[in-house]
Each structure stands twice: as structure tokens, then as C-alpha cells.
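Bear in mind that the values in this text are calculations on the coordinates, not laboratory data. Quick caveat: nothing in here was measured; it's all calculated off a predicted structure. FYI the Cβ positions are ideal-geometry reconstructions off the backbone, even for glycines, and counts take in every protein chain you see.
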Amino acid sequence: MCPKRVKEVDVVRAATISLVLVALAVVTPALAWDAAVTSPPCSIAREGQPAGASREPVAVWSQLPDLVSGSAYTSSIRLSDGYWAEAADDFEIAYPALIDGVEWWGALGPPEDLEYVIMTVYLNDATLGRSLPGALAYQETIHVFQGEEVTGTTGSDYRYTADLPVPFSASASTRYWATIQGVEQNGQWFWYESSSQGYWGEAAAIRSEFWGFPDWAPYSDLADGVVSFAFVLYADSTPVESTSWGSIKALFR
């Protein structure tokens, strides 16, 4: 098993590690990837707007990445051999909103290598004595997204933004679980963890038969320590003008 915060990729079906890291990510499933950066970007670029157009989205949920000392963890589908892993993290917003934009961070998945991205939202399931992803609430395949390389890191690290093809209608004060999976032909995509100051709710979860978890389980059962993922959810400003920023910020503590 590949421990958290190591550069080497865990080789499951080979005796030695001798290839360069980027090449390993193409041929061998791995759990975690590390990198460092000085300052993460945190703004979203909108598709389909004429030059000079102004549309200010509101961040209704925000967990920014730890790109200084954090790791990125597998949440990927590989079409060439059927490798499949899905990572999920919980979120909750203070008011009803149509979520129509998403921002996230990942590693070893340049935009040109990603065939598409799948975003899924699950309801919360607390029947096992702790919260885990439950019934499907929303799923969209994202073919149009923007990606830019994060400079100053030791690896191939990227920030992505996208408009959701169909908005997700989120209820107030309701725990959901979001998943983001990068789909590649031959490689593997990794989702960055959030800064520990941004952790909220339950630790992240994973589902992957390859890693021995056919059903949802805490990611800590696979990786060392608590894992939480970096993503920002956006909605139009109009529905939330009456909500104070104090209420919104209280969710991010």
C-alpha cells in the first residue's frame, strides 16, 4: 500500500520501482501523489461568456487544497484496463441553491489526457453508525472544462474549473457527498486533499474493488491519517443575496 505523503508510487503487481513517477502513473494504479506550491489559485472561469461579460458566482462551499505539504489520492477510471476508484467527501450548504459550477485540484491529469470528468453527488447514509455516501442524488459527465498547471510544484499538478451541464439543486442544511473522477485512456488521475484548516464533517470515503473496498469505506482504512478533498462549489449570486456571509463562512470553519 502506498502511504500518504511519499513521492514513490505504490507498485501492486511488480517487485521493484524503477520507472519515473509520471510513467508509473500511466501503467500502475497508485494511491497517493505529492507536490508543493507556493499559493493556490481560487477563482473560477466561466464558459460561454462574451469578452468583458461579468457574472459573479458565489462560492457556497469551499475546501481549498493543501498544495504545500498535502497529497493527492486516486479517484480515477482507466479505460484501457478497467481500473476504477471513486473518492468522496461530504459537504453541506446553509441555504437552498442551484449549484452550477465546480472548481477542483488534482495531479497527474493534464487536461489533454482527461477524456472527461464525472461528478456525482450522493445522499448521506448514517445507517452504519457513521456517515458514508448513500443513494445517488445527481451525476453529470463533464466534457467541457478548463485546466491550468499549478506552477512551483514538484509534480504535474492542475487546477480545474467547469460549469455543470445541468445544475444540482441542493437543499439547505443537508449533508451530501461529492465525488470527482478523472477518466483517462491509459493514465490515472489523483484528487488533491484539502488543507487541514478546511476539514469539515466526516473524513473522505473510497469505493474501489481494486483496493479491496467494493462498498464505501473511510479513506483512512486505505491511507494513513484523515483525508479530506479540495473542491469549491458555485451558484449564481441572485438566490443567495439575502444570506449573510457570516452564515456562509461559519460552514467553512
- Message: Below 14 angstrom from the Cβ of N186, what's the summed charge of the other residues (Lys, Arg +1; Asp, Glu -1)?
- Response: -4
- For segment 60-100, what percent of Cα pairs sit more than 17 Å apart? 58
- Item | Rough spin-label spacing in nm, given labels placed 7 Å along Cα→Cβ, for L79 and D224 | 3.6
- For segment 72-188, the spread of Cα positions along each principal axis, largest first, Å: 37, 28, 26
- Item | Globularity ratio of segment 63-138, using Cα Rg and 2.2 N^0.38 Å | 1.30
- Subtracting the Cα-Cα distance of A135 and S171 from 0.36 nm times their residue separation yields 11.4 nm
- Peptides ranked, highest mean first, by Cβ atoms within 10 Å: ranges 202-210, 184-192, 218-226: 184-192, 202-210, 218-226
- Message: At a 10 angstrom cut-off on C-beta neighbours, averaged per residue, how do the peptides 61-73, 89-101 rank from highest to lowest?
- Response: 61-73, 89-101
- Calculate, in nm to one decimal, what E56 and E115 gain on full extension: separation in residues at 0.36 nm each, minus their alpha carbon distance. 18.4 nm
